[in-house]
Amino acid sequence: MIAYLAGTVLRRKAGQLVLNVSGVGYLVNVTPDVYQASFTNSEFSLHIAHIIREDAQLLFGFLEEDELDTFNMLCTVTGVGPRSAMSVLAHLGVSGVTKAVSTADDSMFKSVSGVGPKTAKLIVLTLTGKLVTSNGNEVATSTSEQSVVSALIGLGYQEKFAKGAVDSVLKTQKDLSESGLLKSALATLSSGRK
């Protein structure tokens, strides 16, 4: 896996740089900030997310390690792929993502092109308690089953089914985080729909 690259910019096109590292050119997807910075600084060190798929290997580059960490966290959310994660980071930045999650403000994510209401809610619920602020403190979390029930209702489930799924999960798993409870409740609901 490629985790870090340092070299010179060989070529650029919207959202992408070709980084020459010891004679090998790496095509790296970057945020608009990194792309703009490439015009004033031809030497670059980038923290890399290396995504391997059946049909492609993709590189996503970041100037700061906390950007890479936030990108990786966003990619763990159901429905958020690497391109969407890049859009969220480009639009909100690390501090914007942290603030939106800590204040449970899914409208900030909905303002990003390609992120719908359900995905915005899932981002907030999945990342609650996982993001760390720039001063090193973990984002405040509220782990109430009611907020998970509310999230499930927001995702389109009827209240009685949402509450039933949450209760069912809590009978067997009492020490779940809010995002863990949400995932398990969603799994319970989807298995019941089959």
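The values are calculated or read from the model by the stated rules, or taken from the named source; none is laboratory data. Just so it is clear, the structure is predicted and the values come from calculations on it, not from any experiment. In this analysis, Cβ positions are derived from the backbone assuming ideal geometry, glycine residues included, and neighbour counts consider all displayed protein chains.
Scanning the stretch 145-166 for residues that are under 14 Å from Leu125 (Cβ atoms) and assigned to a loop (DSSP other than H, G, I, E, B) returns Leu155, Tyr157. If only residues of the stretch 90-125 that are charged (D, E, K, R) and under 16 Å from Thr78 (Cβ atoms) are counted, the one that is surrounded by the fewest Cβ atoms within 10 Å (Cβ to Cβ) is Lys118. In this structure, Lys13 does not satisfy being closer than 20 Å to Leu125 by Cα and not hydrophobic (A, V, I, L, M, F, W, C).
Let's see how each residue does on (1) at pLDDT 90 or above; (2) more than 20 Å from the chain's Cα centre (by Cα); (3) not aromatic (Phe, Trp, Tyr):
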| site | (1), (2), (3) |
| --- | --- |
| Ala3 | yes, no, yes |
| Leu27 | yes, yes, yes |
| Asn41 | no, yes, yes |
| His47 | yes, no, yes |
| Glu67 | yes, no, yes |
| Phe71 | yes, no, no |
| Cys75 | yes, no, yes |
| Pro82 | yes, no, yes |
| Lys99 | no, no, yes |
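Quick check: anything in the stretch 124-144 of a type in the set (Gly, Ala, Ser), outside any loop (DSSP other than H, G, I, E, B) and modelled with pLDDT of 75 or more? Checked the stretch 124-144: no residue is of a type in the set (Gly, Ala, Ser), outside any loop (DSSP other than H, G, I, E, B) and modelled with pLDDT of 75 or more. Scanning the stretch 52-76 for residues that are surrounded by fewer than 17 Cβ atoms within 10 Å (Cβ to Cβ), assigned to a strand (DSSP E or B) and in contact with a Pro (Cβ under 9 Å, 6 or more places away or on another chain) yields one hit, Leu58.
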